[in-house]
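The values are calculated or read from the model by the stated rules, or taken from the named source; none is laboratory data. This one's a predicted model, so the numbers in the text were calculated from it and none came from an experiment. Methodologically, a virtual Cβ is constructed for each residue, glycine included, from the backbone with ideal geometry; neighbour enumeration extends over all protein chains shown. Surface accessibility is based on the protein's heavy atoms, side chains included, excluding ligands, DNA and RNA. Shrake-Rupley method; radii C 1.70, N 1.55, O 1.52, S 1.80 Å.
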Amino acid sequence: MEQVRLAFAARYGRPPAVVAVAPGRVNLIGEHTDYSGLPVLPIAIERHLLVASAPNDAEAVVRVASEQFDPPAEVVRGIANAPVHAPWHRYVSGVVAQVEGVSGGVGADVFVGGDLPPASGLSSSAALSVGLLAALGAAWGEPLDRETLVARAIVADRASGAETGGMDQAAIVFAQAGHALRIDFEPPARRAVAIPPGLAFVVANSGVEAPKGGAARDAYNERVVGARIAAAMLADQIGVDLTNPPRLGEIAGVDVVDILVEELPERISPVEVSRTGAAGLEQLVQLTAARFDHMRKVPVRKLARHILSESVRVDEAEAALTAGDLVRFGKLLDASHESLRADFGCSTPELDALCKAMRRAGALGARLTGAGFGGYALAAVPPEQVEAVLAAATEAGGGPAFEVHASAGLEVV
Ligand code: GLA
């Protein structure tokens, strides 16, 4: 905190008015379920982005400098679609667009520091959006309430071009120390699930970056479209109307769905689906920023199999935590990873090897966490095995690997 205050003062010649402390998040289970309206079970961790801010005299200019993100951003308020000079500037302009109505005309200086590593699957981008929104609102004397923060941060994050769900922002804002946060989206609900004694968590880097602005974004959006196609085709067969965009969550409970999933096409393009009349093209490909090739065949059957089975694992994992059944919890993490690898297709050889190494070193279970395609893996570990698992993870993945604890959500100081 002191370091960030000093860095702010050194840069802007005065102390910050507020500092928003936004944690990273690690998803325990429920991967790639949120944008289908199906549940997730993340924790916030004790690694943070610290977003220091104070109003400035510059007419409507928000300046953001950072230790983590380069080069500094300068966004003029009220200008739609201004050019960006680095991928991370999209988050800044996305956030600035979300505070358009606040204290019209006033600018702000911002410095972002902290110990949350970027581009790794620990949600640095959502921490940035949430932290920036909270800091700007507070600096301008109109702090946003927590529900509004989550809703607006989701929209701001999508300015990066990834059509993400709402897990990260809700976890960062609403997490409680010592608890995981079960988040449901349809209907919206949240409950804290106590982490039982005897359960520690290790996260380890696979050595492959997973920047949300790059290739991982296309792979991510392809799967969002595939999930919508699966929902539309299944709903068409069952004979129910879905909302827009179509989401698997609305039909996940129907008896026959598990059987019908196996009859879905392996891959199909949005154009082909629209010709069947199951859904309009616009419903399938609507993305806020990214362009999507309508002719591109996207995976459907295996993807839907993963999403539906993962949703059941979230219920089972919550029950296992509540019952203190750590062995069962670990097995569910393993099953999640296997499903993400074999069916969903977002693991990498490095993540597979890392999980294997951590299991061999005594983890109860291990899986990739976050969007995948690189980034971090998570292991559930008996406390006495933490050192061994950290050593094995560092050897297999190159590090960094560290223990994390379920921590509190956003704080504004
Ligand atoms: C990213 C997104 C989340 C979620 C995960 C996968 O972190 O931001 O909304 O979809 O991927 O579970």
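Out of all the residues in region 261-282, is one or more farther than 18 Å from residue 162 by Cβ, in contact with a Leu (Cβ under 8 Å, 6 or more places away or on another chain) and in contact (Cβ under 8 Å) with a residue 60 or more places away in the chain? Among the residues of region 261-282, not one is farther than 18 Å from residue 162 by Cβ, in contact with a Leu (Cβ under 8 Å, 6 or more places away or on another chain) and in contact (Cβ under 8 Å) with a residue 60 or more places away in the chain, which makes the answer no. Where helices (runs of 4 or more DSSP H) fall wholly inside region 112-213, the ranges with 2 or more residues that are among the charged types (D, E, K, R) and surrounded by fewer than 24 Cβ atoms within 10 Å (Cβ to Cβ) are 146-158. Taking region 236-304 and the helices (runs of 4 or more DSSP H) fully enclosed by it, the elements with 3 or more residues that are crowded, with 19+ Cβ neighbours inside 10 Å are at 270-276, 281-285.
Does residue 403 satisfy the criteria of being away from the ligand (no atom under 16 Å from the Cβ), free of Cβ contacts under 8 Å to residues at least 12 places away in the same chain and within 15 Å of residue 200 (Cα to Cα)? Criteria not met by residue 403. Residues in region 363-395 that are among the polar types (S, T, N, Q) and within 15 Å of the chain's Cα centre (by Cα): 369 only. Of the numbered criteria (1) within 16 Å of the ligand (Cβ to nearest atom); (2) charged (D, E, K, R); (3) farther than 23 Å from residue 41 by Cβ, the one residue 158 fails is (3).
Just a yes or no: is a residue in region 223-232 assigned to a helix (DSSP H, G or I) and closer than 23 Å to residue 376 by Cα? The answer is yes, given that some residue of region 223-232 is assigned to a helix (DSSP H, G or I) and closer than 23 Å to residue 376 by Cα. Looking across 333, 287, 303, 326, one residue alone is on the phi < 0 side of the Ramachandran plot, touching a Gly at 6+ places or on another chain (Cβ under 8 Å) and modelled with pLDDT under 95. It is 287. Any residue at all in region 29-48 that's surrounded by fewer than 16 Cβ atoms within 10 Å (Cβ to Cβ), in contact with a helix residue (DSSP H, G or I) (Cβ under 8 Å, 6 or more places away or on another chain) and among the small types (Gly, Ala, Ser)? Among the residues of region 29-48, not one is surrounded by fewer than 16 Cβ atoms within 10 Å (Cβ to Cβ), in contact with a helix residue (DSSP H, G or I) (Cβ under 8 Å, 6 or more places away or on another chain) and among the small types (Gly, Ala, Ser), which makes the answer no.
Only strands (runs of 3 or more DSSP E) whose full extent lies in region 16-72 are considered here, and the ones with at least 2 residues that are closer than 30 Å to residue 225 by Cα and within 16 Å of the ligand (Cβ to nearest atom) are 18-29, 41-56. For region 23-59, the set of residues classified as of a type in the set (Ser, Thr, Tyr) and farther than 17 Å from residue 181 by Cβ consists of 35, 36, 53, listed by residue number. Screening residue 107 against (1) without any contact (Cβ under 8 Å) to a residue 60 or more places away in the chain; (2) over 19 Å from the mean Cα position of the chain (by Cα); (3) open to solvent by 10 Å² or more (accessible area, probe 1.4 Å); (4) more than 18 Å from residue 22 (Cα to Cα) leaves a single unmet condition, (3). Checked against the criteria, residue 142 counts as touching a residue at least 24 places away in the same chain (Cβ under 8 Å) and more than 16 Å from the ligand (Cβ to nearest atom). Against the numbered list (1) at pLDDT below 95; (2) in contact with an Asp or Glu (Cβ under 6 Å, 6 or more places away or on another chain), residue 365 comes up short only at (1).
Every listed requirement among (1) farther than 30 Å from residue 369 by Cβ; (2) touching an Asp or Glu at 6+ places or on another chain (Cβ under 9 Å); (3) surrounded by 14 or more Cβ atoms within 10 Å (Cβ to Cβ); (4) aliphatic (A, V, I, L, M) is met by residue 216 save one, (1). What residue, among those in region 355-397 that are within 22 Å of residue 35 (Cβ to Cβ) and not aliphatic (A, V, I, L, M), is nearest to the ligand (Cβ to nearest atom)? This residue is 370. Within region 75-104, the set of residues being assigned to a helix (DSSP H, G or I) and either within 16 Å of the ligand (Cβ to nearest atom) or open to solvent by 30 Å² or more (accessible area, probe 1.4 Å) (or both) comprises 90, 91, 93, 94, 95, 97, 98. Of the residues in region 116-131, none is away from the ligand (no atom under 16 Å from the Cβ) and either at pLDDT 95 or above or under 23 Å from residue 168 (Cα atoms) (or both).
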